[in-house]
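Structure, as structure tokens:
The values are calculated or read from the model by the stated rules, or taken from the named source; none is laboratory data. It should be emphasised that the depicted structure is a prediction, and the values quoted were computed from it without experimental measurement. Glycine also receives a Cβ, built like all others from the backbone with ideal geometry; neighbour counts cover every protein chain displayed.
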Amino acid sequence: MSENELIERIKDRNPNEPEFLQAVEEVISSVSKVLKKHPEYHQLRILERMAEPERLISFRVNWLDDEGNVQVNRGFRVQMNSALGPYKGGLRFHPSVNQSILKFLAFEQIFKNALTGLPLGGGKGGSDFNPKGKSDNEIMRFCQAFMSELFRHIGHFTDVPAGDIGVGSREIGYMFGAYKKLQNDFTGVLTGKGPKWGGSAIRPEATGYGLVYFAENMLKSVDKEIKGKSCIVSGAGNVAQFTLEKLIQLGAKPVTVSDSGGFIYDEDGIDEEKLEHIKHIKNVSRGRISEYTEKYSNAEYTEVNSDDDFNPLWQTKAECVFPCATQNEINEKDAKHLTDNKIILLAEGANMPCTAEAIDVLQESKVLYSPGKASNAGGVGVSGLEMTQNRMGVYWTREEVDEKLKGIMKRIHDDCLETVETYELSDHNYMEAANIHGFLKVAEAMKAQGVV
């Protein structure tokens, strides 16, 4: 079966799932050189098996709101691939959650987890429940109802979920408490736990910190440094906040932050004091990023219309770009605005924030571009370290975990560059290299384990 025939077969089997098909097509197009060297992967239908979840669980979640009304949501867990270890991937609570989005995230997670070098399979889950505007008691009741079904499908050596959009330490705590009561067992079945009851140091910071560490390695590979570079950061959630924090610590100059309503541009740069104000707006008062200008009047707020065919955020002049909000937030026109402004680096903090057309623009312009499966792997990397600490019954210091995180991100970067050389890819083609390196690890494990 040719690559085009395989893509068409997967499209036929997965209609109306654009995000999932986008992720699959990217990987299939990247690994063509591998398939020529390893015809046995065709025979074993490795790619087709990777694109089919080992298990896809959908369930109803009933819960009571504060007025005593019954609410009904839909829950999911996509257990995509366990060739390298137990399923590992976050839970997302957001109205946009559907089967296509979770399958795309689970598929990406296979390769991201493989790149970390840790024994982790790929999975993802969540619900169309929206935590925004809900009381703490409503969120607790929903999490308990969600776990009352999910608990039977997960386990310490089976499937270890974590947090994602809409699922932070509060939600993880409520779900862990429910799991512990249902199973009568205190095990590390969820990661992202509080550091005082089984969690790891710097787990909340890990994705943002790891993203900047990866970018630092990218720049070093061309004899540049992050210090002094002006940076665009999108998003205002956990990943964006800790990306900003690490950029500031390393002497870079972040100038933007955004939410679904618009973005702020601060020509003077966002420093530690301003970042604390952003954290207060988003984490404490649950406000909008537009409130930033009420305290820092020199900054500009621009409202964004989702119906427009471009986002003015990406017209901001800067040298380095860190999209940390959501999938497909940068389209072809946005990418052209970025390259017209001579950016030198774009490292993805969100999962698949660039459309396929945007990636083509970036690569044609020779921008240093890294896909999320490589540059945002720090979160799952530290989740894997949390699992290790839980199993060992020991806990490492913040400094120890940070050093291990730096090592994971450097290893992923170096593995990508080695793959570029081995497979004679175009210079610094991190996307194809990440896909190939991750694919090979999983493919070899699947081959060794037989057709199961």
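Quick notes
- One residue from Ser100, Ser96 being assigned to a loop (DSSP other than H, G, I, E, B) and of a type in the set (Gly, Ala, Ser): Ser96
- Those residues of region 119-140 which are basic (Lys, Arg) and surrounded by fewer than 19 Cβ atoms within 10 Å (Cβ to Cβ), in sequence order: Lys132, Lys134
- Residues of region 182-196 that are at pLDDT 95 or above and either surrounded by fewer than 23 Cβ atoms within 10 Å (Cβ to Cβ) or farther than 22 Å from Gly123 by Cβ (or both): Leu182, Gln183, Asn184, Lys193.
- Of everything listed in (1) crowded, with 22+ Cβ neighbours inside 10 Å; (2) touching a Cys at 6+ places or on another chain (Cβ under 8 Å); (3) in a loop (DSSP other than H, G, I, E, B), the single unmet condition for Asn328 is (1).
- Check on Gly85, in contact with a Leu (Cβ under 9 Å, 6 or more places away or on another chain) and assigned to a strand (DSSP E or B): no
- Glu225, sole failed condition from (1) over 25 Å from Asn429 (Cα atoms); (2) surrounded by fewer than 20 Cβ atoms within 10 Å (Cβ to Cβ); (3) of a type outside the set (A, V, I, L, M): (1)
- Qualifying residue in region 317-324 (condition: acidic (Asp, Glu) and either surrounded by fewer than 16 Cβ atoms within 10 Å (Cβ to Cβ) or assigned by TED's automatic domain parsing to the domain that holds Ala23 (or both)): no
- Helices (runs of 4 or more DSSP H) completely within region 1-56 that count 3 or more residues being charged (D, E, K, R): 3-13, 18-30, 32-37
- Region 266-284, subset of a type outside the set (A, V, I, L, M) and buried (at least 19 other Cβ atoms within 10 Å of the Cβ), residue modelled with the lowest pLDDT: Lys282
- Residues within region 15-39 that are of a type in the set (Gly, Ala, Ser) and crowded, with 16+ Cβ neighbours inside 10 Å, tallied: 2
- Selected residue [aromatic (Phe, Trp, Tyr) and out of contact with any Phe, Trp or Tyr (no Cβ under 6 Å at 6 or more places or on another chain)] from Phe142, Phe151, Phe176: Phe176
- Any hit, region 118-136, residues being out of contact with any Gly (no Cβ under 6 Å at 6 or more places or on another chain), of a type in the set (Gly, Ala, Ser) and over 17 Å from Leu190 (Cα atoms): yes
- The number of residues in region 137-169 being at pLDDT 95 or above, part of a helix (DSSP H, G or I) and of a type outside the set (Phe, Trp, Tyr) comes to 14.
- Output for region 392-409, where each listed residue is over 12 Å from Ala377 (Cβ atoms) and surrounded by 13 or more Cβ atoms within 10 Å (Cβ to Cβ): Tyr395, Trp396, Glu400, Val401, Asp402, Lys404, Lys406, Gly407
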